[in-house]
Structures are given as structure tokens and as C-alpha cells.
Amino acid sequence: MFCLLQCAIPVFEHLLPAPHNERISTILFEFATWHSLAKLRLHTDATISLLEASTKRLGQYARQFLATTCQAFRTVELPHEETARRKRTLPVDPKGKNRASSDNEPKVKKLNLNTYKWHALGDYPAAIRRYGTTDNYSTQIVSYTYIFPNASIFNSQGELEHWRVKKFYRVSSKSNFTEGIAKRQLRLPWGISFDFQLTSHISYLPHGVLALRDA
């Protein structure tokens with residue numbers, strides 16, 4: 001990711017007229033600075049303070065970019081996004097065939113700062129102080145199922161939990177996939193408990209807790 005940010009600066013240079021060119025170069029440089037500080041494998045109080053200052057500047061540059069450059073240009077969705085959206089919104093006649101859509105204009109897309117990824121940037125310095133450098137942990141674990149000594153089961157869902165739902169969708173009936181996904185989700189703890197008794201793919205956790213990674 002850091003290499004992409006470094007290469008992006010000369011790629012975007014002079015694509016837009018002034019003053020938008022300077023704003024894009026500034027925000028890309030600040031992104032690279034923030035990313036390099038957030039991914040450090042050794043932190044001190046000074047480097048965390050630098051990360052906090054970079055986070056503040058990045059937020060200011062992003063809001064300035066949204067209020068100026070984004071408003072100066074009309075940006076629309078990509079062709080494949082437009083095709084997928086039209087397929088979802090096409091009205092269906094009683095014979096089951098899609099009717100022609102009257103919406104022939106692509107949808108306007110603007111930068112959205114009201115997302116969790118933007119919101120979470122400010123939590124990185126505090127998280128590094130509490131849990132250590134970011135190379136020591138990950139939020140992208142699909143799912144862990146913990147089996148305690150008393151045979152109770154606890155599912156811990158991660159950032160990529162939606163992968164498992166998509167896997168259930170592929171093997172469910174497409175006519176009623178909601179019920180199929182729900183049934184497989186309910187059966188999952190029992191299947192893991194049975195697998196726990198038959199297999200040895202177990203990793204031991206502290207305090208006598210056993211963990212199985214869902215395939």
C-alpha cells in the first residue's frame with residue numbers, strides 16, 4: 001500500500017489544473033506519511049505524537065478536498081457499477097421479463113467521508129498505545145469459534161465475516177437463499193463441536209481455551 005501511495009503522486013501530478021493539482025499532491029503525500037507512521041514496527045512517544053499530528057492534518061486536507069475539488073468536477077459511477085445498478089432496479093412485468101429502464105444517466109458519485117474507515121483513522125494512535133504496533137494483530141480474521149472446557153461455544157466474528165455468508169449463499173437454494181443461509185448458520189456450532197471431537201486441528205489458547213478456525 002505504501003509503495004502505491006509513493007507511486008501515485010507522480011501519476012496524479014498535473015492531471016488537474018491549479019489549485020486542485022496542489023491539493024491532490026498534498027493529500028497523497030499526507031496519506032503516505034500517515035501510512036508509514038501507522039505501520040511502524042517500533043514506536044516511541046515521539047512517533048505516536050507524529051502520527052496524531054498527521055491524522056489531524058489528513059482530516060483537514062480530506063475535508064478541504066471534499067469542499068473544493070470534489071465540488072468542482074462532476075464524477076459518476078463506473079460503467080460496470082451502472083450496469084449492475086440498472087439490473088437491480090429494472091421493473092419486471094407480469095410475464096417475468098425486465099422492462100426497459102427510463103434512467104439513462106449514470107449516477108453521480110461523490111467522496112463520502114461518513115464511513116467507518118475514515119472514522120477509525122483517529123483511533124490508531126490510542127490503539128497502538130494500548131495494544132502495541134499494528135503488525136502484532138489483525139481485524140481481518142474471518143471467524144474463530146472458541147470451545148471452552150465446559151463445552152460452551154462462542155463465535156468471534158472478524159472484519160471479513162461476510163466471506164462466510166457468501167460461501168453459504170453459493171451452496172444455498174437461490175429461490176430462498178435467506179432461509180438457507182440462516183439454517184447453515186444455526187448448524188455451524190454443532191458441526192464445529194462434532195469436528196472438535198473427530199479431528200486434531202486445534203490450537204491451544206491461554207486459560208484452557210481451545211480455538212478452531214472456520215474453514
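Values in this text are rule-based calculations from the coordinates and carry no lab data. This is a predicted model, so every value here is computed, not measured. Glycine also receives a Cβ, built like all others from the backbone with ideal geometry; neighbour counts cover every protein chain displayed.
Brief remarks follow.
- Modelled spin labels at T26 and A67, positioned 7 Å past Cα toward Cβ, are 1.2 nm from each other.
- When you count the other C-beta atoms within 10 angstrom of each residue and take the mean per peptide, 122-132, 75-85 line up highest first as 122-132, 75-85.
- Exceeding the 26 Å Cα-Cα cut-off - candidates K87/K174; K87/K167; K39/K167; K87/K109; K117/K174; K87/K117: K39/K167; K117/K174; K87/K117
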